[in-house]
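Have a look at the structure below before the remarks.
The values are calculated or read from the model by the stated rules, or taken from the named source; none is laboratory data. None of the values given here were measured: they were computed from a predicted structure. Every residue, glycine among them, receives a Cβ derived from its backbone with ideal geometry; neighbour counts consider all protein chains shown. Ligands, DNA and RNA are excluded from the accessible area calculation, which covers all protein heavy atoms including side chains. Shrake-Rupley method; radii C 1.70, N 1.55, O 1.52, S 1.80 Å.
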Amino acid sequence: MTQQAATKRNYVLPIAIMFALFFMIAFVTGLQNPLGVIVKSQFTMSNFQSQLGNLMNFIAYLCMGIPAGMLLQRIGYRKTAIAATAVGFTGVGITFLSGISDNYAVYLAGAFISGFSMCMLNTVVNPMLNTLGGGGNKGNQLIQFGGVFNSTAATLAPVLGGYLIGDIAGARISNADPVLFLAMGIFALAFIVLIFSKIPEPFTLKREDSGEKDSHSAWSFRHFVLGVVCIFIYVGVEVGIPNIMNLFMTDRTAGMGIDTTVAGSVVGTYWLLMLVGRLIGGVFGGKVSSRTMLTAVAAAGTCLILLAIFLPVSNIVRMPVMNSDLSFGLAQVPVNCLFLVLCGLCTSVMWGVIFNLAVEGLGKYTSAASGIFMMMVCGGGILPAVQGAIADSIGFLNSYWLIIAGFAYMLYYALIGSRNVNKDIKTE
């Protein structure tokens with residue numbers, strides 16, 4: 001057996017660990033959905049207040065993005081991952097304690113601390129998978145496969161949580177104890193495995209004995225700066241498409257008035273197609289360049305949104321959904337929603353390819369760049385709010401012109417903005 005083959009085989013365990021952490025990122029984040037339903041009933045909250053736990057998760061990304069990148073530089077990827085699993089265990093544990101104490105403030109604290117962990121894990125997992133894959137197409141391929149685990153968890157978390165809620169009138173946070181125990185168990189197992197595992201440390205900045213300060217940073221690279229804007233827009237587009245679609249379908253003043261269970265099932269199909277898209281992206285990611293992949297999905301997404309905007313709402317199609325009595329069947333929905341749902345296939349691969357393009361050639365600056373990227377997750381809260389304001393002014397479907405603008409920028413980034421024009425900067 002050659003040394004190269006042995007080295008590749010040794011990467012199997014680190015890759016498996018990164019996939020498991022990718023799963024946990026979405027699983028813990030997804031728990032905020034059913035927990036929001038519970039706290040609304042338990043503490044007699046408004047809809048806005050019920051979503052504060054989810055908001056705390058996103059605020060944690062904004063607060064922890066750069067510190068997480070700095071942590072990577074100081075202690076490396078393995079130790080940062082170990083710290084993240086410990087923080088995640090603590091955050092979920094505090095959520096469990098909020099069920100015992102029946103305390104809403106403790107619940108919010110648990111959500112916020114869990115968000116810290118999710119940000120730290122994201123900062124580790126994305127560049128690690130990119131590096132373990134060797135960068136380029138193979139790096140993108142591993143990130144896409146990791147996204148499959150991420151999407152699987154995003155689907156399972158609300159399903160398990162919803163099952164455990166039972167009678168909403170008597171629901172308590174403690175109803176979710178089984179999934180909280182599962183999350184803590186996985187975090188504990190990951191912590192132990194990481195302690196005894198050897199994980200490569202890609203491009204950690206080393207302090208020079210002379211104390212000389214590096215004159216460059218990740219911000220010195222044009223394609224990275226444009227990539228930061230691109231990832232902010234992408235997360236906003238990814239979240240905005242299904243969120244506004246749900247409002248459009250259930251809003252009676254817009255003439256829809258579709259049952260909320262049916263509407264939720266249609267929106268769920270969007271996330272299911274994201275899982276399918278990531279699986280396809282993982283299969284073909286090693287054969288298709290990130291630039292080509294982003295160009296194709298941005299162009300396709302633009303076409304789908306244009307169809308959704310211009311086709312008459314009176315055109316009806318049948319989609320497989322879950323009905324209010326929990327039976328499955330075909331429901332009539334506007335054809336516009338079908339094209340919005342199909343956008344899930346396009347947005348599914350965008351995170352991986354944008355990240356891959358933005359950090360390509362950054363070398364030792366990759367860890368800091370990853371932390372900056374994590375801050376941009378806040379786009380998932382900001383842009384949908386802007387789109388909602390546009391919908392209030394000119395209508396739901398017309399608000400999707402903001403999504404068109406987002407896809408247009410991503411297309412520009414794929415074709416022009418992602419090219420590294422700063423190759424003269426030393427990155428070793």
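A few remarks follow.
- Options Val262, Val266, Val288; residue that is touching a strand residue (DSSP E or B) at 6+ places or on another chain (Cβ under 7 Å) and either without any contact (Cβ under 8 Å) to a residue 12 or more places away in the chain or under 16 Å from Leu345 (Cβ atoms) (or both): Val266
- Where Asp102 falls short, out of the listed (1) charged (D, E, K, R); (2) modelled with pLDDT under 85; (3) farther than 25 Å from Thr347 by Cβ: (2)
- Summed over region 232-275, the residues that are over 16 Å from Ile403 (Cα atoms), modelled with pLDDT of 80 or more and open to solvent by 40 Å² or more (accessible area, probe 1.4 Å) give a count of 1.
- Top-ranked residue of region 358-381 - restricted to ones that are over 14 Å from Met120 (Cα atoms) and under 15 Å from the mean Cα position of the chain (by Cα), ranked as modelled with the lowest pLDDT: Gly381
- Leading residue by the ranking (surrounded by the fewest Cβ atoms within 10 Å (Cβ to Cβ)) among those in region 115-132 that are over 22 Å from Phe89 (Cβ atoms) and among the hydrophobic types (A, V, I, L, M, F, W, C): Leu132
- Region 391-401, residues that are hydrophobic (A, V, I, L, M, F, W, C), open to solvent by 50 Å² or more (accessible area, probe 1.4 Å) and closer than 18 Å to Gly301 by Cβ: Trp401
- Applying the condition of being surrounded by fewer than 21 Cβ atoms within 10 Å (Cβ to Cβ) and part of a helix (DSSP H, G or I) to region 170-185 and asking which residue is farthest from the chain's Cα centre (by Cα) yields Gly170.
- Hits in region 352-367 (condition: surrounded by fewer than 24 Cβ atoms within 10 Å (Cβ to Cβ) and either closer than 19 Å to Tyr61 by Cα or of a type in the set (Lys, Arg) (or both)): Lys364
- Matching option when the condition is open to solvent by 10 Å² or more (accessible area, probe 1.4 Å), of a type in the set (S, T, N, Q) and in contact (Cβ under 8 Å) with a residue 12 or more places away in the chain, among Asn422, Asn336: Asn422
- Among the residues making up region 226-285, those that are small (Gly, Ala, Ser), part of a helix (DSSP H, G or I) and over 14 Å from Cys337 (Cβ atoms) are Gly227, Gly236, Gly240, Gly277, Gly281, Gly282.
- Put simply, of Ala358, Ala405, Ala331 the only residue that is outside any helix (DSSP H, G or I) and hydrophobic (A, V, I, L, M, F, W, C) is Ala331.
- When the residues of region 339-351 are filtered to those that are open to solvent by 10 Å² or more (accessible area, probe 1.4 Å) and among the aliphatic types (A, V, I, L, M), the one that is modelled with the lowest pLDDT is Leu345.
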